[in-house]
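See below for the structure under consideration.
The values are calculated or read from the model by the stated rules, or taken from the named source; none is laboratory data. Worth saying up front: this structure is predicted, and the values here are computed from it rather than measured. Positions of Cβ are backbone-derived with ideal geometry, glycine not excepted, and every protein chain shown enters the neighbour counts. The area values use the complete protein model at the heavy-atom level, side chains included, leaving out ligands, DNA and RNA. Shrake-Rupley method; radii C 1.70, N 1.55, O 1.52, S 1.80 Å.
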Amino acid sequence: MHGDAIVVTSLLWQTTATAIRSGEEAMLIDSPYFPDELELLPTVLSQSGFEVSALLATHGDFDHVLGPLAFPELSLGVAESTMLRLQRSPGEAQRDLRDSDGRLYVDRPRPLALGGTQSLPAPGKLELGEQELELYPAEGHTADGMAIFAPWLGVLVCGDYLSPVEIPTLWRGGSVADYRATLERLGAVVERAETVVPGHGSPGSREDALRLLEEDGAYLDALERGDERPRLPEGRDGPRQRDLHSENVDCAQG
Ligand SMILES: [Zn+2]
């Protein structure tokens, strides 16, 4: 990828954290999971020349909002829709994190604090150095979220969409209709992108993302038909993805 963007991938769920730089300024989007990954992150990034001065999260799921654990002095920017979710369900991310940590026997040196969270308009633009990031609403996986595009780098960070390792998932207010609208919106941005960074899994090319876009549309068709055992996309058809499909069926009906 371009030297002004760097992607760190967590050992948990291949969750991505992306730093984007313009001149002397850098922002970090989303977060890795494990305490040692978070602890090392500021050093790894600064050794690569990324002096992070702001944090962003693509959506409010707990695995994407852990940036403040690595950079406690920085505030976290989220879409208005995510701010609303955080306000409506205070403590949800902390509870989910505690549950997940409990299952994995993970100890943390400090609790997650989201008090410094700031709301950003999506659609909207956000200044970074001499450049501007483009923010797009991205709802459907959950009731909230945004995708972030750095036009000068051709890098799109799309949150929990267009993943090469996970089928589309509906969760916490997600819906097929919103998911489709987001895929359509992302499609137009993908056409302008060189690299697409999903919330989970390796970054891919524009062509990779266009293929995922098509596969995910076909999957949503099957989900809407209520298929119990649809053909899942290649590479995303293991037992865990079958379980996610069953959860999607419950969520879509429920
Ligand atoms: Zn996620």
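Being in a strand (DSSP E or B) and open to solvent by less than 10 Å² (accessible area, probe 1.4 Å) is the filter; apply it to the stretch 23-41 and report the residue that is nearest to His200 (Cα to Cα).
Going through the stretch 23-41, the residues in a strand (DSSP E or B) turn out to be 25-29.
Narrowing the set further to residues that are open to solvent by less than 10 Å² (accessible area, probe 1.4 Å) leaves 26, 28-29.
Working: Ala26: 21, Leu28: 16, Ile29: 13 Å.
The qualifying residue nearest to His200 (Cα to Cα) is Ile29.
Kindly indicate whether Val78 is without any contact (Cβ under 8 Å) to a residue 60 or more places away in the chain and either exposed (fewer than 15 other Cβ atoms within 10 Å of the Cβ) or under 20 Å from Ile148 (Cβ atoms) (or both).
On the way: without any contact (Cβ under 8 Å) to a residue 60 or more places away in the chain: no; either exposed (fewer than 15 other Cβ atoms within 10 Å of the Cβ) or under 20 Å from Ile148 (Cβ atoms) (or both): yes.
No, not satisfied.
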Mind listing whichever residues of the stretch 56-75 are open to solvent by less than 40 Å² (accessible area, probe 1.4 Å), without any contact (Cβ under 8 Å) to a residue 60 or more places away in the chain and part of a loop (DSSP other than H, G, I, E, B)? Ala57, Val65, Leu66, Phe71, Leu74
Restricting to the stretch 1-22, and then to whatever is surrounded by 15 or more Cβ atoms within 10 Å (Cβ to Cβ) and farther than 26 Å from Glu134 by Cβ, can you tell me which residue is nearest to the chain's Cα centre (by Cα)? Trp13
Given the criterion farther than 25 Å from Gly23 by Cα, assigned to a helix (DSSP H, G or I) and open to solvent by less than 10 Å² (accessible area, probe 1.4 Å), identify the matching residue among Leu220, Leu162, Leu183. Leu220
Residues within the stretch 187-216 that are more than 16 Å from the ligand (Cβ to nearest atom), over 15 Å from Arg236 (Cα atoms), of a type outside the set (Ser, Thr, Tyr) and open to solvent by less than 70 Å² (accessible area, probe 1.4 Å), tallied: 7
